[in-house]
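Down below is the structure, laid out as structure tokens.
Every number in this text was worked out from the coordinates using simple rules, so none of it is lab data. Computed from a predicted structure; not experimentally measured. In this analysis, Cβ positions are derived from the backbone assuming ideal geometry, glycine residues included, and neighbour counts consider all displayed protein chains.
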Amino acid sequence: RAVSFFNTLSDAQSGINIIQDPTTFNTPSAMLVARVENTATGCYSYETIEIIVNTLPVFPDIADFSICENNTDDIADFLLSSKDAEILNGQVDKQVIYFENENDAINLNNPIDKNSDYQNTTNPQTIFVRVQNITDIDCYGIDSFVLTVGTNPQFNEPTSLFICDDASNDTVAT
């Protein structure tokens, strides 16, 4: 049996413009035609093959996600989905998934529900991000960013200050 690859059915039927080395053939996503021939009988058939080329994700520098709180427990609610646009940075056909550790991100275990508030477990805490192609989950990349919880400063509430305007009545106190 012999298999040959072509860009079009008419090329395959005419036996012209054969793809010389299919292992190094460079193409965007495309439909190819394979001619499968029984070398003993000369009988052959044609099959179409869809080639889908998925791009790996490209990560920008992901900014840390910081929240300030009024109490001092170092725990806050983070809506991780709000980081999606920053992480995708205009890339399409990709999905963003968040994890507490890198091993889970690699193995797609225990994803964090990014559409619900996530409470950090330590402060600071590293969150791992897996960005994968929607059509091919094996085409992915992993990066991370840090969750930090800060405390708002405490202050004494100032007292109101009432001053009467001078005789000019220009609303400016001197």
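Overview of values
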| read-out | value |
| --- | --- |
| Centroid-to-centroid separation of the stretch 40-84 and the stretch 103-174 [C-alpha atoms, Å] | 21 Å |
| Volume per residue of the C-alpha convex hull in the stretch 72-174, rounded to whole Å³ | 181 Å³ |
| The stretch 1-77: translational diffusion in µm²/s, Stokes-Einstein, Kirkwood Rh over Cα pairs, 4 °C, 1.567 mPa s | 77 µm²/s |
| Linear extension gain, Ile142 paired with Glu69, 0.36 nm per residue minus alpha-carbon span | 23.3 nm |
| Mean Cβ count within 10 Å, highest first, over the residues of peptides 30-42, 152-164, 89-101 | 89-101, 30-42, 152-164 |
| Percent of alpha-carbon pairs separated by more than 30 Å within the chain | 53 percent |
| Estimated FRET transfer efficiency (Phe25, Asp93; beta-carbon r; R0 25 Å; 0.05) | 0.65 |
| Computed [θ] at 222 nm, deg cm²/dmol, the chain (DSSP H ≥ 4; -39,500 (n - 2.57); rounded to nearest 500) | -2000 deg cm²/dmol |
| Listed residue (Gly42, Asn156, Ile52) projecting farthest to the positive dipole end of the chain, Cβ model | Gly42 |
| Neighbourhood charge, 10 Å Cβ-Cβ cut-off, centred on Tyr44 and excluding it, Lys, Arg +1 and Asp, Glu -1 | +1 |
| Per-residue ³J(HN,Hα) for the stretch 131-137, Karplus 6.51 cos²θ - 1.76 cosθ + 1.60, θ = phi - 60°, Hz, x for Gly and Pro | 10, 10, 5, 5, 8, 8, 5 |
